[in-house]
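*Asks:* I have a structure I would like to understand better, so I am pasting it below and will then ask my questions one at a time.
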Amino acid sequence: MPPRRGILSSRLDPTGGPAPGHGRRAALGNMQTESAVIATTPQPGHYDIDPDRSRVTFATRHLFGLGRVKGGFAIRGGTVDVADPIAASAIYAEIETASFRTKNRQRDQSVLSPRFLDPAGHPVMTFRSDRIEEHGQVLTGTLTVRGTSRPVTLTITRCEVSRGSFTARATARIDRTDFGITAARGLAARYLDLTVEIQCTRS
């Protein structure tokens, strides 16, 4: 079977953050992106996400927007079921809440407290896809954090296929207050720009 094209295009993805007055979906749907890479669509089948080669990183600001903070989470695992057509595909991933790190011990301890992420009460964050657009560039789904589920939209900016596996990168902007994490308004940033990188192996 010849490789299928179309999961990504070579055009530059739109950029920007949520504009004042837009609703929740606008806040979740606007993303910082990069020029997409043309690639073939992964062959249909069931794939496992490799936690050792996958991660979630983020960038945000603190101190009323004056300081830039970068950090990350570990992906515990998940699955990708690639279908034909691609719009029928399904993705499920689990993120280890306690893996939050920014290389600042005091900040990490604060964010991992019950006021923010509360890993003792909510050890796992989950993402489950709802829909993939026909050309495979936009992925919509449900993100659950601290027991609160909200819609989120990711833009796929890279997908590279190898024999029996593929790697993908996607970006999204998340509003933490949508998940009930409202402590330290102003001092801690409201929005996080996420980059998700996964490597998947066919099983």
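*Asks:* If a residue must be hydrophobic (A, V, I, L, M, F, W, C) and crowded, with 19+ Cβ neighbours inside 10 Å, how many such residues does segment 180-203 contain?
*Replies:* Total satisfying the criteria: 7.
*Asks:* Pull up segment 142-170, narrow it to residues that are open to solvent by 60 Å² or more (accessible area, probe 1.4 Å) and assigned to a loop (DSSP other than H, G, I, E, B), then point me to the one that is farthest from F73 (Cα to Cα).
*Replies:* That would be R163.
*Asks:* Consider P114 carefully, then state whether it is surrounded by 13 or more Cβ atoms within 10 Å (Cβ to Cβ) and not hydrophobic (A, V, I, L, M, F, W, C).
*Replies:* The answer is no for P114.
*Asks:* Can you run down the residue pairs with Cβ atoms below 6 Å, 6 or more apart or on separate chains, where the first is in segment 109-122 and free of Cβ contacts under 8 Å to residues at least 60 places away in the same chain and over 17 Å from T177 (Cβ atoms) and the partner is open to solvent by less than 50 Å² (accessible area, probe 1.4 Å) and part of a helix (DSSP H, G or I)?
*Replies:* That search, which allows pairs on different chains as well, returns nothing.
*Asks:* Also: Considering only segment 84-117, state which residues are within 22 Å of P51 (Cα to Cα) and either outside any strand (DSSP E or B) or aromatic (F, W, Y) (or both).
*Replies:* Hits for segment 84-117 are S89, Y92, F100, T102, K103, D108, L112, L117.
*Asks:* Mind listing whichever residues of segment 146-169 are small (G, A, S) and in contact with a His (Cβ under 9 Å, 6 or more places away or on another chain)?
*Replies:* G147, the sole residue that qualifies.
*Asks:* Would you pick out the residues in segment 177-198 that are in contact (Cβ under 8 Å) with a residue 60 or more places away in the chain and within 19 Å of T140 (Cα to Cα)?
*Replies:* D178, Y191, L192, D193, L194, T195, V196, E197, I198
A quick yes/no check of all residues on (1) free of Cβ contacts under 8 Å to residues at least 12 places away in the same chain; (2) within 22 Å of Y191 (Cβ to Cβ):
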{"residue": "G67", "(1), (2)": "yes, yes"}
{"residue": "G72", "(1), (2)": "no, yes"}
{"residue": "I86", "(1), (2)": "no, no"}
{"residue": "T97", "(1), (2)": "no, yes"}
{"residue": "K103", "(1), (2)": "no, yes"}
{"residue": "S162", "(1), (2)": "yes, no"}
{"residue": "S165", "(1), (2)": "no, no"}
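*Asks:* Additional query: Is it the case that segment 53-67 has a residue that's modelled with pLDDT under 50 and open to solvent by 80 Å² or more (accessible area, probe 1.4 Å)?
*Replies:* Within segment 53-67, not a single residue is modelled with pLDDT under 50 and open to solvent by 80 Å² or more (accessible area, probe 1.4 Å).
*Asks:* When you check G164 against the structure, is it within 19 Å of T40 (Cβ to Cβ), more than 14 Å from the chain's Cα centre (by Cα) and of a type outside the set (K, R), yes or no?
*Replies:* Taking the combined requirement at face value, the residue satisfies it.
*Asks:* Which residue is surrounded by the fewest Cβ atoms within 10 Å (Cβ to Cβ), if the candidates are limited to segment 21-52 and must be at pLDDT 50 or above and within 27 Å of R101 (Cα to Cα)?
*Replies:* Restricting to residues being at pLDDT 50 or above and within 27 Å of R101 (Cα to Cα), the top hit is D52.
*Asks:* Something else about it: Looking only at segment 90-104, count how many residues are touching a Leu at 6+ places or on another chain (Cβ under 8 Å) and surrounded by fewer than 17 Cβ atoms within 10 Å (Cβ to Cβ).
*Replies:* Of the residues in that region, 1 qualify.
The values are calculated or read from the model by the stated rules, or taken from the named source; none is laboratory data. In this text, all values refer to a predicted model and were calculated from it rather than measured experimentally. In this analysis, Cβ positions are derived from the backbone assuming ideal geometry, glycine residues included, and neighbour counts consider all displayed protein chains. Just so you know, the surface numbers come from the protein's heavy atoms only, side chains and all, with ligands and any DNA or RNA stripped out. Shrake-Rupley method; radii C 1.70, N 1.55, O 1.52, S 1.80 Å.
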